[in-house]
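Report on one structure; see the data block that follows.
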Amino acid sequence: GGISFTFPPGTVIRAGSFLVIGENPAHLQSFLAFSGALGPWSGSLRNEGDDITLRRPDLSIADRVNYRLGFPWPTVGDDPGNSMQRLSERLPSDLGASWRSALPSPGTRNAVTTANAPPAIRQVNHSPLAPTSNSPVTITAKVTDPDGIAAVWLDYQIVDPGNYIRLTDPEYLTQWASLPMNDRGTNGDVAANDDTFSVTVPASLQQHRRLVRYRIRSWDGQLASVRVPYPDDDCPDFSWFTYDGVPSWSAALRPGTTPVDTFPASTMRKVRAWHLLSRPEDVQNCQYNAAFNDGTYRFEGALVIDGRVYDHIHYRVKGQNSTFNTGKNKWKLRFNRGHLLDLPDNYGRSTSTVKTLNISSVPAPWAPWNRGMHGLDEAMAFRLSNLAGAPAPNSSYLHWRVIDGAAESGPSQFDGDFWGLYLAFENTDNLFKEGHDLPDGNIFRLQTTGAGNSVLGQGKGQPGDLSDLNAFTSTTTGYRLGTGTATAAPPLSSIQPESWFRSNVDLPEYFNWRAVTEAINQTDRREQENVVYFRRPPAPAGDGRWMILPWDCDLLYENFDRWGPQSVQTAINFQQYEQISRALLHPAILTEFQNRARELQDLLLNRDQAWKLVDEFLSLITDESPRIIPTGSPINDG
């Protein structure tokens with residue numbers, strides 16, 4: 001179902017020769033200087049994996065490969081543009097270990113071709129997945145080779161708390177110990193001679209808060225060797241994290257002045273704990289040194305969620321103007337190709353596949369009167385938007401713990417692993433489109449009067465620059481984004497007619513987004529700031545209409561107008577709204593918006609449903625029962 005291509009009648013592959021089929025033969029000519037490819041095909045192949053089937057004229061299967069991304073398959077897709085290549089045509093095509101990563105070699109033998117392929121290693125596992133202290137851990141792997149297996153070895157590396165070893169550290173290359181693995185039915189091996197090799201790592205190696213990495217090496221009867229994960233993997237090791245559970249925590253509102261409260265382990269464990277293991281200097285420079293706030297994911301660490309380790313991820317501080325506003329700062333994490341994050345929701349269910357993750361520290365940096373709300377701004381805004389039909393990032397509360405020192409806690413309440421309650425949410429990028437059933441269009445972030453505008457997700461065959469964005473924003477009013485005056489909007493006669501907005505804007509989705517935005521009083525929206533635009537693919541793949549996606553929702557519920565009056569005309573005068581708001585100057589479109597807003601007010605944006613959502617979030621992050629605020633109180637006037 002991914003792609004379809006029918007060979008022209010009479011197509012022949014001669015003995016010892018090769019045939020190339022290209023999605024875009026002209027692009028192969030310019031990109032790889034290769035001519036003579038057949039194609040194009042129809043459809044597309046997924047980066048994360050797909051089925052490719054070669055059929056004979058009678059539709060019987062000649063060959064099939066169900067490729068995936070990441071071990072036991074090669075990890076490809078990043079620079080320098082490697083491709084998956086089979087080691088030998090004699091090897092089974094549906095076995096990940098039959099393939100390796102190398103520069104493309106169209107029209108010639110694969111660059112990785114070998115007369116003697118090394119052993120095929122797959123089905124690597126360790127048990128238990130998340131061990132506790134002094135527990136033995138058994139590693140198993142299936143290893144096969146037609147020439148027989150001469151040896152299988154386990155290499156392991158210990159990473160102690162506060163001493164995280166980065167890929168670039170010399171210790172990563174040198175600090176490995178080894179143990180032999182066997183298929184004799186001993187030392188953790190369940191059955192002899194079943195091609196599954198095993199070894200048990202001594203229980204003494206498992207210590208609280210310790211990370212253990214491991215790799216597997218093997219040789220066949222002709223001494224061809226292999227190591228997995230493959231050395232060119234962005235995460236060239238497997239790992240487990242030993243942990244005995246989150247402890248209690250004691251703190252005072254004002255240390256030395258107010259009483260000390262102890263929060264029991266049951267309270268501390270109510271919100272899922274996420275652990276970041278990193279070096280102390282990296283954590284310090286990321287969170288508190290503005291010299292490193294340049295948007296570069298320069299710091300390395302390991303993230304652990306529910307016992308699963310995402311090693312060698314990179315991170316940076318999140319934010320722009322508000323980055324260091326509160327002291328409890330935000331984070332942004334970047335995961336490796338083939339090792340993307342399965343983001344769990346508040347109940348542990350997988351919601352999204354994420355490459356770039358935002359972690360908000362929920363401090364309301366520009367609204368100190370909202371502090372103590374603990375994420376009920378962003379979490380509510382995203383959930384309400386999704387419920388209303390305006391695709392928004394999925395979010396999840398987390399208990400953030402950073403292991404950058406030997407001690408788990410103390411000497412003060414501000415020291416140790418515990419950093420507090422945070423909120424994780426998706427980035428609006430290409431993976432966001434897949435997770436929210438959006439077509440493969442372009443996503444743009446609008447920032448700082450146009451200078452910070454960027455493409456967050458480029459659709460297939462669409463511009464990689466801002467040309468389609470600038471064409472749209474300039475056409476809505478006849479002038480380019482950010483160049484209009486702040487005192488007067490253009491007259492109605494210079495705004496596109498009603499039919500233009502209906503053809504170029506997904507108005508029903510805009511109505512949903514706008515109604516939620518009004519209900520939560522997102523006062524930080526401006527024409528140049530805090531807007532994410534999405535354009536559906538243009539014809540023939542789609543209708544090319546534009547949408548707005550919710551973003552930057554940490555400045556809500558204010559009882560004043562931060563950037564000017566809120567009426568439609570005066571808001572446009574002050575450029576408070578995004579470009580699409582000009583559609584509401586057409587009476588028929590405004591009426592449709594008001595009708596949809598009333599519908600959402602009846603069904604969702606009301607005291608009954610909205611307070612139920614508040615109670616749900618409160619039940620996730622507190623030990624207290626939900627509170628229903630009486631009608632007529634200052635914060636619930638209906």
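The values are calculated or read from the model by the stated rules, or taken from the named source; none is laboratory data. Note that this is a predicted model, so its numbers are computed, not measured. All Cβ positions, even for glycine, are placed from backbone atoms using ideal geometry, and neighbour counts span all protein chains on display. For the accessible areas, the whole protein counts, side chains as well, though only heavy atoms, and no ligand, DNA or RNA atoms are used. Shrake-Rupley method; radii C 1.70, N 1.55, O 1.52, S 1.80 Å.
State the number of residues belonging to region 380-396 that are farther than 16 Å from Asp552 by Cα and open to solvent by 10 Å² or more (accessible area, probe 1.4 Å).
Number satisfying all stated conditions: 2.
Just the residues that are open to solvent by 60 Å² or more (accessible area, probe 1.4 Å), closer than 20 Å to Tyr422 by Cβ and among the hydrophobic types (A, V, I, L, M, F, W, C), please, taken from region 258-281.
Passing the criteria: only Phe263.
Taking region 72-110 as the search range and keeping residues that are within 22 Å of Asp145 (Cβ to Cβ) and in contact with a Gly (Cβ under 7 Å, 6 or more places away or on another chain), which one is least open to solvent (accessible area, probe 1.4 Å)?
Checked region 72-110; the qualifying residue least open to solvent (accessible area, probe 1.4 Å) is Trp73.
Is one or more of the residues making up region 243-266 among the β-branched types (Val, Ile, Thr), under 21 Å from His339 (Cα atoms) and assigned to a strand (DSSP E or B)?
Pass one, region 243-266, residues among the β-branched types (Val, Ile, Thr): 246, 257-258, 260, 262.
Subsequent filtering for residues that are under 21 Å from His339 (Cα atoms) retains none.
Among the residues of region 243-266, not one is among the β-branched types (Val, Ile, Thr), under 21 Å from His339 (Cα atoms) and assigned to a strand (DSSP E or B), which makes the answer no.
So if I check each of Ala392, Ala424, Ala379, which one is part of a loop (DSSP other than H, G, I, E, B), under 24 Å from Asn329 (Cβ atoms), touching a residue at least 24 places away in the same chain (Cβ under 8 Å) and of a type outside the set (Ser, Thr, Tyr)? Talk me through it step by step, then tell me what you get.
Numbers: Ala424 fails: part of a loop (DSSP other than H, G, I, E, B); Ala379 fails: part of a loop (DSSP other than H, G, I, E, B).
Only one candidate qualifies: Ala392.
Working carefully through the options Leu584, Leu613, Leu618, Leu600, find the one that is open to solvent by 20 Å² or more (accessible area, probe 1.4 Å) and either modelled with pLDDT of 95 or more or among the hydrophobic types (A, V, I, L, M, F, W, C) (or both). Give the steps one after another, and end with the answer.
Working: Leu584 fails: open to solvent by 20 Å² or more (accessible area, probe 1.4 Å); Leu613 fails: open to solvent by 20 Å² or more (accessible area, probe 1.4 Å); Leu600 fails: open to solvent by 20 Å² or more (accessible area, probe 1.4 Å).
On inspection, the qualifying residue turns out to be Leu618.
Can you tell me how many residues within region 105-123 are outside any strand (DSSP E or B) and within 28 Å of the chain's Cα centre (by Cα)?
Here is the first cut: in region 105-123, the ones outside any strand (DSSP E or B) are 105-119.
Imposing the further condition that a residue be within 28 Å of the chain's Cα centre (by Cα) reduces the set to none.
Going through region 105-123 one residue at a time, the tally reaches 0.
Which is part of a strand (DSSP E or B) and among the hydrophobic types (A, V, I, L, M, F, W, C), of Val76, Val65?
Values: Val76 fails: part of a strand (DSSP E or B).
The unique qualifying residue is Val65.
Filter region 23-40 for residues that are without any contact (Cβ under 8 Å) to a residue 40 or more places away in the chain, within 24 Å of Pro74 (Cα to Cα) and either open to solvent by less than 90 Å² (accessible area, probe 1.4 Å) or more than 32 Å from the chain's Cα centre (by Cα) (or both) and give the result.
Of everything in region 23-40, those that are without any contact (Cβ under 8 Å) to a residue 40 or more places away in the chain, within 24 Å of Pro74 (Cα to Cα) and either open to solvent by less than 90 Å² (accessible area, probe 1.4 Å) or more than 32 Å from the chain's Cα centre (by Cα) (or both) turn out to be Glu23, Asn24.
In region 191-234, what count of residues is obtained for those that are under 19 Å from Pro161 (Cβ atoms), more than 33 Å from the chain's Cα centre (by Cα) and open to solvent by 60 Å² or more (accessible area, probe 1.4 Å)?
1
Residues in region 419-430: is at least one at pLDDT below 90, open to solvent by 20 Å² or more (accessible area, probe 1.4 Å) and under 23 Å from Ser385 (Cβ atoms)? Working first, answer last.
Of region 419-430, the ones at pLDDT below 90 are none.
So far as region 419-430 goes, no, none of its residues is at pLDDT below 90, open to solvent by 20 Å² or more (accessible area, probe 1.4 Å) and under 23 Å from Ser385 (Cβ atoms).
Find the residue count for region 306-331, including only residues that are open to solvent by 10 Å² or more (accessible area, probe 1.4 Å), assigned to a strand (DSSP E or B) and in contact with a strand residue (DSSP E or B) (Cβ under 7 Å, 6 or more places away or on another chain).
Within region 306-331, the first condition is being open to solvent by 10 Å² or more (accessible area, probe 1.4 Å), and the residues that meet it are 306-310, 314, 316, 318-322, 324-328, 330.
If we keep only those that are assigned to a strand (DSSP E or B) as well, we get 308-310, 314, 316, 318, 330.
In the following step, the residues that additionally are in contact with a strand residue (DSSP E or B) (Cβ under 7 Å, 6 or more places away or on another chain) were identified as 309-310, 314, 316, 318, 330.
Residues flagged as open to solvent by 10 Å² or more (accessible area, probe 1.4 Å), assigned to a strand (DSSP E or B) and in contact with a strand residue (DSSP E or B) (Cβ under 7 Å, 6 or more places away or on another chain) within region 306-331 amount to 6.
Keeping to region 124-138, report how many residues are among the β-branched types (Val, Ile, Thr) and either assigned to a loop (DSSP other than H, G, I, E, B) or open to solvent by 30 Å² or more (accessible area, probe 1.4 Å) (or both).
Selection size over region 124-138: 2.
Would you be able to say whether some residue in region 282-301 is in a strand (DSSP E or B), open to solvent by less than 20 Å² (accessible area, probe 1.4 Å) and free of Cβ contacts under 8 Å to residues at least 60 places away in the same chain?
Here is the first cut: in region 282-301, the residues in a strand (DSSP E or B) are 299-301.
Of the ones still in play, those that are also open to solvent by less than 20 Å² (accessible area, probe 1.4 Å) are 299-301.
If we keep only those that are free of Cβ contacts under 8 Å to residues at least 60 places away in the same chain as well, we get 299.
Yes, region 282-301 contains at least one residue that is in a strand (DSSP E or B), open to solvent by less than 20 Å² (accessible area, probe 1.4 Å) and free of Cβ contacts under 8 Å to residues at least 60 places away in the same chain.
Can you name every residue in region 208-226 that is in contact (Cβ under 8 Å) with a residue 60 or more places away in the chain and under 18 Å from Asp311 (Cα atoms)? Don't jump to the end; show me each part of the working.
First, the residues of region 208-226 that are in contact (Cβ under 8 Å) with a residue 60 or more places away in the chain: 208-209, 211-226.
The answer is His208, Arg209, Leu211, Val212, Arg213, Tyr214, Arg215, Ile216.
Condition (residue is at pLDDT 80 or above and assigned to a strand (DSSP E or B)) applied to region 514-524: is it met by at least one residue?
No, region 514-524 contains no residue that is at pLDDT 80 or above and assigned to a strand (DSSP E or B).
Of the numbered conditions (1) under 30 Å from Ala251 (Cα atoms); (2) touching a strand residue (DSSP E or B) at 6+ places or on another chain (Cβ under 9 Å); (3) touching a residue at least 12 places away in the same chain (Cβ under 8 Å); (4) small (Gly, Ala, Ser), Gly416 fails exactly one; give the number of that condition.
The number of the failed condition is (3).
So, restricting to strands (runs of 3 or more DSSP E) that lie completely within region 139-224, which ones have at least 3 residues that are of a type in the set (S, T, N, Q), out of contact with any His (no Cβ under 6 Å at 6 or more places or on another chain) and modelled with pLDDT of 95 or more?
Values: elements: 149-159, 177-180, 196-201, 210-220.
Filter on region 139-224 gives 196-201.
Looking at Ser352, Ser385, can you tell me which residue is among the hydroxyl-bearing types (Ser, Thr, Tyr) and modelled with pLDDT under 95? Spell out the reasoning first.
Details: Ser385 fails: modelled with pLDDT under 95.
Only one candidate qualifies: Ser352.
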